[in-house]
Amino acid sequence: MEMVIGTLSNDKIYKELFEQHDDIKLALTVGELDKHNKTFTVDINALLIDGNHKHQHELGKATEQYPDIPVFYKLPDGINRDEAKQIQYFCSAYKVKTLPPNLSPREVTDKMYNQLKTEMSIASKQTVVLYGTHSGAGVSTTTFNLAESISSQVNEKVLVLSLNAWDPSDYFFEYNGKFLNDLKVDLQTKSLTPNLLERSVYKHKNFYHLAGNRDIKLQRFYRIEEIEHLLDIAKKTFDLVLIDGGTHFDTAVAAETLVSSDLRFIVTTQEDKGYRGYFPHVFEQLLEPAGVKKSEFMLLINRYNPNMSLISEKDLEDEMNISRLATIPDMAELGPVAVRQKELLYNVAKGEYKKNIDIVSNLIISETKLSIKDQDIDKNTGLFGKLFTNKKPAGVGR
């Protein structure tokens, strides 16, 4: 991800030094904070305040203007240890990161850049998206049951974003939050904040959900920059973002989720219209020309029935030419009954269904470096349980 860095300083050298890094798209330097508006005219990803020119008491105004990005304060040169400690207390109160005094401008920019890159690397795999080969493949069902499995095991906050513009997916349980179309103006003006997003989602047991679009007129009117803004705020607010990407790959929503996601799954069934009819054309005409490879996906076979007259899981995997991670069995009438009763299938099904959902969950937990709740460690009985779980002390985030 390319970054834009803002610097509050009288020294113009910071712009030149920051922009020497390939993944810093732009660096801006201003001498004063704007007292009425945001100081920088473009969105910035991090802010450096030079303590040689700016007093620490300006941190309050700076963090008020930019509450959702990392703010660094370079301690003034020539201060003693006691003075440094007092300033560090002040910085801690405003959640501002400090850089040592007596560093050259190059040392300052390198240290801040390396810290930003480290933090981005630790939290890099945070967005997981599921797509379907055709309508009715079970993407929404699988997404919600994965969210139930993961969120019941980990300490971190899990969000499900329903980004299928044709289906709000608000009927799997009692939903009392806002919908994607309710946030359209906030996305268009890039004014969505973590606080507003938290007020908009609905908490279902252990995970959160933002229902999708229910305004038919808007189905194809979401723009790439709007979805990018939504995902940026979601990743700042939640530790794991699970996305129901639907089956429409010819939209701005799909384009942005493909770019922004860290793990991608394709959900299919044994129906010919999906693996043989619709998806091959989508891949050849839309995805492959855009540089997307099949190796970037993992295959989930949903509602699998071992009937000899249907395609086998091995043949289906070969037909799709995508590596299969799990085969989720057909639960017959239990699926519709669970939806009718506003209950997730993960909580009413047993045996192979839960086992295979947990296989996928274990991979996601491992790859996104989530921490397992202490009391749930021994309950992790998925096939890859011990291999794909990552134990960290409770309360330790990314």
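The values are calculated or read from the model by the stated rules, or taken from the named source; none is laboratory data. None of the values given here were measured: they were computed from a predicted structure. Neighbour counts run over all protein chains shown; Cβ positions are idealised from the backbone, glycine included. Ligands, DNA and RNA are excluded from the accessible area calculation, which covers all protein heavy atoms including side chains. Shrake-Rupley method; radii C 1.70, N 1.55, O 1.52, S 1.80 Å.
Of note:
- All lysines inside 24 Å of LYS178 as judged from Cα atoms, apart from same-chain residues fewer than 8 positions distant: LYS157, LYS190, LYS203, LYS205, LYS217, LYS235, LYS236, LYS342
- Cross-link partners of LYS35 among lysines (Cα-Cα below 17 Å; sequence separation of 8 or more within a chain): LYS54, LYS61
- Within the set (i) -0.25, -1.05, -1.17; (ii) -0.47, -1.02, -1.09; (iii) -0.28, -1.11, -1.23, the number that log10 I(q)/I(0) by the Debye sum over Cα atoms at q = 0.06, 0.13, 0.14 Å⁻¹ takes when calculated for this structure is listed as (iii).
- Which of TYR113, SER151, LEU187, positive extreme of dipole for the stretch 94-204 (C-beta unit charges): TYR113
- Test item: Cα-centred dipole of the chain, Lys/Arg +1 and Asp/Glu -1 on Cβ, debye: 840
- Here the stretch 266-295 is scanned for amide nitrogen atoms under 16 Å from the site 7 Å beyond the Cα of ASP318 along Cα-to-Cβ, giving 276.
- FRET efficiency, 1/(1 + (r/R0)^6) with R0 22 Å, evaluated for ALA332 and LYS273 via beta carbons: 0.60
- Positive-end ranking of PHE172, SER260, VAL292 along the dipole of the chain, with charges on Cβ about the Cα centre, is headed by PHE172.
- For the pair VAL30 and LYS217, label points projected 7 Å from Cα toward Cβ lie 3.7 nm apart.
- Residue separation of ASN206 and GLU83 scaled by 0.36 nm, minus their Cα-Cα distance, works out to 39.8 nm of gained length.
- Scoring 296-304, 334-342 by mean Cβ neighbours within 10 Å over their residues and listing the highest first yields 296-304, 334-342.
- Theoretical FRET efficiency, 1/(1+(r/R0)^6), r = Cβ-Cβ of HIS53 and ASP22, R0 25 Å, to 0.05: 0.35
- In this structure the stretch 155-222 gives 46 Å² per residue of accessible area when probed at 1.4 Å with all protein chains present.
- The chain: relative contact order as a whole-number percent, Cα under 8 Å and 6+ apart: 15
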